[in-house]
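The values are calculated or read from the model by the stated rules, or taken from the named source; none is laboratory data. Computed from a prediction, not measured in an experiment: that's the story for all the values here. Using ideal geometry, Cβ is built from the backbone for each residue, glycine included, and neighbour counts are taken over all protein chains shown. For accessibility, only protein heavy atoms count, side chains too; no ligands or nucleic acids. Shrake-Rupley method; radii C 1.70, N 1.55, O 1.52, S 1.80 Å.
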Amino acid sequence: MSDVHIAGTGIWFPEDIITNDEIVSSFNSYVDNFNNHNKNDIEQGNIEAMEYSSSAFIEKASGIKTRHVIDKKNILDINTMMPRVVHEDESRLSIHAKAGIDAAKKAMDQANVGPDDIDGVILGTSHAARNYPSVAIEIQNELGIQGYAYDMLVGCSSTTFAINNAYSDIASGLANTVLVINPEISTPFVNYAKRDIHFIFGDGCVATVISNNKKSNNQYKILDRKLITKFSNNIRSDWSYLVRAASDEKSIEDLLFYQNGNSVFKEVCPMVAEFITTHLKDNNINPSEVSKFWLHQANSRMVNLIVSKVIGTDDFDTSLAPLPIEKFGNLASAGSMFAFNLHNDLEKGDKGIICSFGAGYSVCSIIVEKQ
Ligand code: COA
């Protein structure tokens, strides 16, 4: 079998930026309104008063300083507290397709491939834009790519699992070059009135060209992949097509993203550290040989803890584990490949590890070597 490479990547993110102070100021105004409006019930003990958020907490707990979003104005407006979008409609490109096409063109340029070189398009994301037709097929059509295309959902591991599928397709002879696209338009799914969630997510998209054709001069050979899933209710989003027909009552807010962040932190960090350690060992790679850890951008403390467990010390150069989360927030499944796109200055022969972890739980690590 010929080697399979990451031949190029591209990213898209919206122009609007929200700082921690801005998101906290909006949230705290909402809290004031809520507490004033419910003053009597709060005094009588029927309702709990809401507590303020704080920029200091957000930066310390998550590492996030800013996030790029599709609609700053409406997210910060306490009468809306969500971005405004339009319905999916056959008369125009979907928001996911627009983001995907922008990132895909950059990835294709970097990989030095055109539409004719691509045999398949795999789109992985945490939140489906619609049920069908697949956004991947919409993008395939728009870019003039032949072959096949499909969407897949694996929460925050959608990007790495999609890269894994691309690898398998190439390794099995089904394709030579596959375009993987991961739009993560998360802000419509954020409950901006929830103190422990309102600061976490940003919007963005990454695209990756996986190929066995040596066309790019910045390519990384995929040495090995390892995947695991383990069921957990700690990160859920229950929104679905069944909502219309459900006979029991739930508010829209109850169906949005929610998590038990602290349990996720405690359970996932050791699980991922052990997973990466085993993966490296299985490949006879000493952790000290890893030049870059491109990890899922859920939380900077998680990234640093996982890396310190793998390499055996918390005394390491911050460039070893890039943290685009500081600027972009949590980009769901796109985070690890955003880190890869922005920080892939390795020398020939250097090794790195891409690793996702998230809802499911799901974990996927991919060991790569700069060519
Ligand atoms: N502002 C100020 N204080 C806040 C706050 C906010 N916005 N949100 C929570 N707090 C308070 C809590 O009330 C709690 O107070 P207490 O100690 O008096 O009870 C304290 O801060 C700690 O809360 P906790 O929820 O334990 O925070 P944390 O340190 O676990 O950080 C997350 C919260 C969400 C940043 C963190 O748990 C995390 O990132 N987890 C992983 C999430 C993840 O990977 N999810 C996958 C999705 S991709």
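Values as computed for the structure displayed
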item: Hits in region 82-109 (condition: touching a residue at least 40 places away in the same chain (Cβ under 8 Å) and closer than 13 Å to Val206 by Cα); result: His96, Ala97, Ala99, Gly100, Ile101, Asp102, Ala103, Ala104, Lys105, Lys106, Ala107, Met108
item: Residues located in region 49-67, provided they are of a type outside the set (A, V, I, L, M), near the ligand (Cβ under 8 Å from one of its atoms) and open to solvent by less than 40 Å² (accessible area, probe 1.4 Å); result: Ser53, Ser62
item: Hits in region 252-268 - residues which are in contact (Cβ under 8 Å) with a residue 24 or more places away in the chain and near the ligand (Cβ under 9 Å from one of its atoms); result: Phe257, Gln259, Asn260, Gly261, Ser263, Val264, Phe265, Val268
item: Residues of region 223-236 satisfying the condition of being assigned to a loop (DSSP other than H, G, I, E, B) and open to solvent by 50 Å² or more (accessible area, probe 1.4 Å); result: Lys230, Phe231, Asn233
item: Hits in region 354-371 (condition: in a strand (DSSP E or B) and among the small types (Gly, Ala, Ser)); result: Ser356, Gly358, Ser362, Ser365
item: Selection within region 68-105 - hydroxyl-bearing (Ser, Thr, Tyr) and buried (at least 20 other Cβ atoms within 10 Å of the Cβ); result: Ser94
item: Matching residues in region 157-203 - criterion: being acidic (Asp, Glu) and buried (at least 24 other Cβ atoms within 10 Å of the Cβ); result: Glu184, Asp203
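Condition check ((1) more than 13 Å from the ligand (Cβ to nearest atom); (2) more than 22 Å from the chain's Cα centre (by Cα); (3) closer than 30 Å to Val31 by Cβ) across all residues:
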{"position": "Gln146", "(1), (2), (3)": "yes, yes, no"}
{"position": "Phe161", "(1), (2), (3)": "yes, no, no"}
{"position": "Ser168", "(1), (2), (3)": "yes, no, no"}
{"position": "Thr177", "(1), (2), (3)": "yes, yes, no"}
{"position": "Val190", "(1), (2), (3)": "no, no, yes"}
{"position": "Val206", "(1), (2), (3)": "yes, no, no"}
{"position": "Arg225", "(1), (2), (3)": "yes, no, no"}
{"position": "Arg236", "(1), (2), (3)": "no, no, yes"}
{"position": "Lys250", "(1), (2), (3)": "yes, yes, yes"}
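Residues are listed down the side, and each one gets a yes or a no for (1) crowded, with 17+ Cβ neighbours inside 10 Å; (2) assigned to a helix (DSSP H, G or I); (3) basic (Lys, Arg):
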position	(1), (2), (3)
Asp248	no, no, no
Glu253	no, yes, no
Ser263	no, yes, no
His279	yes, yes, no
Asn284	no, no, no
Ser288	no, yes, no
Phe293	yes, no, no
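Residue by residue, here is whether (1) in contact with a Phe, Trp or Tyr (Cβ under 8 Å, 6 or more places away or on another chain); (2) buried (at least 19 other Cβ atoms within 10 Å of the Cβ); (3) modelled with pLDDT under 95 holds:
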{"position": "Gln297", "(1), (2), (3)": "yes, yes, no"}
{"position": "Val303", "(1), (2), (3)": "yes, yes, no"}
{"position": "Asp315", "(1), (2), (3)": "no, no, yes"}
{"position": "Thr318", "(1), (2), (3)": "no, no, yes"}
{"position": "Ile325", "(1), (2), (3)": "no, yes, no"}
{"position": "Ala332", "(1), (2), (3)": "yes, yes, no"}
{"position": "Ala339", "(1), (2), (3)": "yes, yes, no"}
{"position": "Leu342", "(1), (2), (3)": "no, no, no"}
{"position": "Gly349", "(1), (2), (3)": "no, no, no"}
